[in-house]
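Below is one structure, written out as structure tokens, with a few remarks after it.
The values are calculated or read from the model by the stated rules, or taken from the named source; none is laboratory data. Since we're looking at a predicted model, the values are computed, not measured. Cβ coordinates were reconstructed from backbone atoms using ideal geometry, including for glycine residues, and neighbour counts include every protein chain displayed.
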Amino acid sequence: MRKCYILDFDGTVTALDTLVVAFDRYCIVDWRELENEMRAGRRERHQTLVDEVDSMKAEKEELFDFIRKNVPVREGFFDFVKKVRENGDEIVILSGGFRSFADLFMGDTEVKAYINDIRYLGDKNWELVPCSNALPPLCSKNCSNCKRAVVEKYKNEGFETIYFGDGETDFCGSRYADKIYATDELAEKLSAENVKFTYFKDYKNIL
């Protein structure tokens, strides 16, 4: 059976979350308070992301340069992608983050992706661009990019699905995969819920 490796981007491909790095530096409101309200159920997830992006004030090249210089890729990632392709398997990037940030790191590594994006409006203003190929949500319309839907799509196409994630937004989708590799917040949440997974630190130990 062919495998499909489904990877979250922020904090999974990268060692740090590009949104956290960008929002900490450039948001003019307390975006963490917005996030806390969302996690407490007092704000809708997608609208929270819209508001966070709206509050980000930065010139285009300034923002991209800052992300490129301050966010490392997890060790062994590009060798991992090469190995997956040598084996004839699929690899998919799945994220509620921004395609423009992902492109800063992926270079010539072309993989299928389901990612939101941002658009520069001029005068340091930005807006959220929803994922253009997002699948219809399976659980609720609250998520900005339904990760479970992508997992289910590849399972239905006959792939063994192997999910890599690090955060709270990976919890729902990862539980529907055949295998899970987790780190950081996702690993903690899966442990608390007694969901079987394998911990990973970087892609060298996966290889």
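Residues that are aliphatic (A, V, I, L, M) and free of Cβ contacts under 8 Å to residues at least 24 places away in the same chain: list the strands (runs of 3 or more DSSP E) wholly contained in the stretch 113-191 that include at least 2 such residues. Walk me through it before giving the result.
Working: elements: 125-129, 160-165, 179-182.
Counting at least 2 such residues, we get 179-182.
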Next item on the list: Give the residues of the stretch 10-45 that are more than 24 Å from LEU104 (Cβ to Cβ) and either of a type in the set (A, V, I, L, M, F, W, C) or part of a helix (DSSP H, G or I) (or both), sorted by residue number.
Entry: VAL29, GLU33, LEU34, ASN36, GLU37, MET38, ARG39, ALA40, ARG45
Next item on the list: Give ASP65, ASP108 a once-over and let me know the one that is part of a helix (DSSP H, G or I), surrounded by fewer than 16 Cβ atoms within 10 Å (Cβ to Cβ) and not basic (Lys, Arg).
Entry: ASP65
Next item on the list: Of the numbered conditions (1) part of a loop (DSSP other than H, G, I, E, B); (2) of a type outside the set (Asp, Glu); (3) at pLDDT 95 or above, VAL53 fails exactly one; give the number of that condition.
Entry: (1)
Item checked: Unmet requirement for ALA192, which otherwise passes all of (1) hydrophobic (A, V, I, L, M, F, W, C); (2) loosely packed, with under 15 Cβ neighbours inside 10 Å; (3) modelled with pLDDT under 95 -> (3)
Note to self: Considering only residues that are assigned to a helix (DSSP H, G or I) and either touching a strand residue (DSSP E or B) at 6+ places or on another chain (Cβ under 9 Å) or closer than 28 Å to ARG119 by Cβ (or both), which ones fall in the stretch 79-89?
What the structure shows: PHE80, VAL81, VAL84, ARG85
Next item on the list: Run TYR181 past the list (1) closer than 22 Å to PRO72 by Cβ; (2) surrounded by fewer than 18 Cβ atoms within 10 Å (Cβ to Cβ); (3) not aliphatic (A, V, I, L, M) and report the number of the one that doesn't hold.
Entry: (2)
Check: Of MET56, MET106, which residue is under 23 Å from GLY167 (Cα atoms), among the hydrophobic types (A, V, I, L, M, F, W, C) and in contact (Cβ under 8 Å) with a residue 40 or more places away in the chain?
Finding: MET56
Notebook entry, point to check: Looking at (1) in contact (Cβ under 8 Å) with a residue 40 or more places away in the chain; (2) buried (at least 20 other Cβ atoms within 10 Å of the Cβ), which is the only condition VAL50 fails?
Noted result: (2)
Next item on the list: Taking PHE105 as the residue in question, decide whether it is at pLDDT 95 or above and hydrophobic (A, V, I, L, M, F, W, C).
Entry: no
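Being part of a helix (DSSP H, G or I), in contact (Cβ under 8 Å) with a residue 60 or more places away in the chain, within 14 Å of PHE9 (Cα to Cα) and within 17 Å of the chain's Cα centre (by Cα): is that true of PHE101 here?
Working: part of a helix (DSSP H, G or I): yes; in contact (Cβ under 8 Å) with a residue 60 or more places away in the chain: yes; within 14 Å of PHE9 (Cα to Cα): yes; within 17 Å of the chain's Cα centre (by Cα): yes.
Criteria met by PHE101.
Conditions tested, residue by residue: (1) of a type outside the set (Gly, Ala, Ser); (2) out of contact with any Lys or Arg (no Cβ under 8 Å at 6 or more places or on another chain); (3) farther than 27 Å from TYR203 by Cα.
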| position | (1), (2), (3) |
| --- | --- |
| ASP123 | yes, yes, yes |
| LEU135 | yes, no, yes |
| CYS143 | yes, no, yes |
| CYS146 | yes, yes, no |
| TYR154 | yes, yes, no |
| ILE162 | yes, no, no |
| PHE171 | yes, no, no |
